[in-house]
Structures are given as C-alpha cells and as structure tokens.
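Data first, discussion second: the structure below is written as structure tokens.
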Amino acid sequence: MKFNDVVDVIKSLSTDEKREISLLLQQYLREESRDQIYENFQLAKQEEKQEELIFSSQINRLKELLE
C-alpha cells in the first residue's frame, strides 16, 4: 500500500476513528523515540568502556567536538 492510499483511507474514516489513529501514531512515535534513546544510551556506554567519550565544560571545546 502506498502512502497516498493510506492518506485516502484515513480521510474516509469517521472523526472518532481519526482520533484513534492519531493517538496510535503518537504512541508509536513515543515508542520509537524511547528505542532511539535506549540505542544511543547503549552506544554511549560502549564508547565509555572503550574510553572514546570526551567531556568538556568549555563552550569552545564543545563546539569543536561537534564539528
């Protein structure tokens, strides 16, 4: 099914069904965000073990690290 088909189907739903779809999408997005945060946390833990993390409280140094 293509994206446009999904949009057309959603347009044809009742208002209550659209609200339910909206709630479900919000829930799915939150779950994906949590999963991404967890993955980043696991990666940071691994980098910390390998002593690859660099910390600094100096703003110029932080800018350099971001580039």
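When residues of segment 21-58 are filtered for being modelled with pLDDT under 90 and β-branched (Val, Ile, Thr), how many remain?
Summing the residues that are modelled with pLDDT under 90 and β-branched (Val, Ile, Thr) in segment 21-58 gives 1.
Report yes if LYS18 is open to solvent by less than 90 Å² (accessible area, probe 1.4 Å) and either in contact with a strand residue (DSSP E or B) (Cβ under 8 Å, 6 or more places away or on another chain) or basic (Lys, Arg) (or both), otherwise no.
When the stated conditions are applied, LYS18 passes them.
May I ask you to list pairs of residues, at least six apart or on different chains, whose Cβ atoms are under 6 Å apart, with the first in segment 41-54 being free of Cβ contacts under 8 Å to residues at least 60 places away in the same chain and the second being part of a loop (DSSP other than H, G, I, E, B) and open to solvent by less than 70 Å² (accessible area, probe 1.4 Å)?
What qualifies is GLU47/LEU53.
Across segment 21-50, which residue is farthest from the chain's Cα centre (by Cα) among those that are open to solvent by 80 Å² or more (accessible area, probe 1.4 Å) and charged (D, E, K, R)?
Going through the qualifying residues, I end up with LYS49.
The values are calculated or read from the model by the stated rules, or taken from the named source; none is laboratory data. This is a predicted model, so every value here is computed, not measured. All Cβ positions, even for glycine, are placed from backbone atoms using ideal geometry, and neighbour counts span all protein chains on display. Just the protein is used for accessible areas: all its heavy atoms, side chains included, with ligands, DNA and RNA removed. Shrake-Rupley method; radii C 1.70, N 1.55, O 1.52, S 1.80 Å.
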